[in-house]
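Have a look at the structure below, then the notes.
The values are calculated or read from the model by the stated rules, or taken from the named source; none is laboratory data. This one's a predicted model, so the numbers in the text were calculated from it and none came from an experiment. Don't worry about glycine lacking a Cβ; one is built from the backbone with ideal geometry, like all the others, and counts go over all protein chains shown. The accessibility values were calculated without ligands, DNA or RNA, using every heavy atom of the protein model including side chains. Shrake-Rupley method; radii C 1.70, N 1.55, O 1.52, S 1.80 Å.
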Amino acid sequence: QLDPFYASIILFVGRAWDAITDPMVGFFISKTSWTRFGRLMPWIIFSTPFAVISYFLIWFVPDISRGQVMWYLVFYCIFQTLVTCFHVPYSALTMFISREQSERDSATAYRMTVEVLGTVLGTAIQGQIVGKVDTPCIESPFFIGKTNSSVAMEELNMTHDTGSLTDTRNAYMIAAGVIGGLYILCAVILSVGVREKRESSELQSDEPVSFFQGLKLVMNHGAYIKLIAGFLFTSLAFMLLEGNFALFCTYTLGFRNEFQNILLAIMLSATLTIPLWQWFLTRFGKKTAVYVGISSAIPFLIMVAVLDSNLIVTYIVAVAAGISVAAAFLLPWSMLPDVIDDFKLQHPDSHGHEAIFFSFYVFFTKFTSGVSLGISTLSLDFAGYQTRGCSQPSEVNFTLKMLVSAVPVGLILLGLLLFKLYPIDEEKRRKNKKALQDLR
């Protein structure tokens, strides 16, 4: 029931807060001393219960007439901070379970497969629990004004809305409880099943490096900046697509009761094709996999906007988009360890920056998510989007077409152009591997 403008403010402020917490958490992790659980694992273990509580409170509707915006802003920022305390060390674990490039690539493929599978599970849980609640749409004010019994209709809508809103709130709370339980279960499995190898860990520098010195070294590394620049735009493209696809299916295509299944088709397609991309990048190289995997979505995105509403075509587009989403999920995380190896060769006397590399990478991933949500919310608000409306103005349908087709295609092309500048190809990767072995 919040105004879309305030929802945008919460998202933007939350991502700005992330800009502070991600690199800071990365730096503090890099300075953490070794414990019997490792250096990274204590962050995961101790942040989990508090993250679950704050997640639950994000979905709770407080019984206060004023201050709801501040409630959600505060708990959204707290949750983002606690997720950072989990996600940065979790992502950086790849560097500290093996030194071998092939083993790290394999671990990344397994990790991203299960991460996308987790997204599928979350989508299914949230979608099915909340989707069971009958939340009636609201006819436009123009239609109600033309009705003879407009006052009676408004009273009926108000009575129905009160009951359906209560049911919807309860459904969101149940979904939050289930997902919070899964969060705890996964954290337990991770902490029990994974061990950091002390000989692989190079987190502690021989000489202490200040936060700003380490940050300057990392952000001056050309390969890292070019990798981030390329994937910043391609990630934004897929997040815009994923974030608006439900509204696009509901209003523009008219598949109000199908969007949950279409979204599941995207995520299942992504899960099943990650092993395919892992094989492809091993066989043909990572840069080639980027060009082929991410650009393959373009014709299908154009097709869904140009062709008339057709459920079969929409499912085909969903599966094709999932194949590209898999490449967009896997490849950035698979290429980041290569950038860190390249950095180590250029700065052999400077250690302990891995967590900073990963923390900024996590930040940019979450930043693109926030930007995509902000762009979508403000664009739809400007176009005249009617919350819970049975139909939308033609301007909203046009905006949705832009957000799931034209804009993602443009961002993908821009990202691929920027990626041409990325210097680490397969030959460079092999040379770096040999040089690191010689150094050790």
Checking A246, A270 in turn, the sole residue that is within 17 Å of the chain's Cα centre (by Cα) and open to solvent by less than 20 Å² (accessible area, probe 1.4 Å) turns out to be A270
Log entry, pairs with first residue in the range 392-410 being under 18 Å from L232 (Cα atoms) and touching a residue at least 24 places away in the same chain (Cβ under 8 Å), second being of a type in the set (V, I, T) and open to solvent by 40 Å² or more (accessible area, probe 1.4 Å), beta carbons closer than 8 Å, six or more apart or on different chains, reads L403/I375; S405/I302; V409/I302
Subset of the range 208-243 [in contact with a His (Cβ under 9 Å, 6 or more places away or on another chain) and either modelled with pLDDT of 80 or more or open to solvent by 40 Å² or more (accessible area, probe 1.4 Å) (or both)]: L217, H221
Does any residue in the range 31-57 that is closer than 28 Å to Q213 by Cα and open to solvent by 60 Å² or more (accessible area, probe 1.4 Å) come within less than 7 Å, Cβ to Cβ, of a residue that is modelled with pLDDT of 85 or more and hydrophobic (A, V, I, L, M, F, W, C) six or more places away or on a different chain, and which pairs are these? W43/C85
Does F280 qualify as being under 30 Å from Y385 (Cα atoms), assigned to a helix (DSSP H, G or I) and either of a type in the set (D, E, K, R) or assigned by the TED database to the domain that holds S391 (or both)? no
Just one listed residue, out of I10, I29, is in a helix (DSSP H, G or I) and more than 30 Å from D63 (Cβ to Cβ), and it is I29
Quick check on F60: is it over 29 Å from S269 (Cβ atoms), modelled with pLDDT of 85 or more and assigned to a loop (DSSP other than H, G, I, E, B)? yes
Cross-chain or 6+ apart pairs with Cβ under 7 Å, the range 1-24 first and basic (K, R), then open to solvent by 30 Å² or more (accessible area, probe 1.4 Å) and at pLDDT below 80: R15/F367
Of all helices (runs of 4 or more DSSP H) completely enclosed by the range 298-416, which ones contain at least 2 residues that are crowded, with 20+ Cβ neighbours inside 10 Å and touching an Asp or Glu at 6+ places or on another chain (Cβ under 7 Å)? 311-346, 354-383
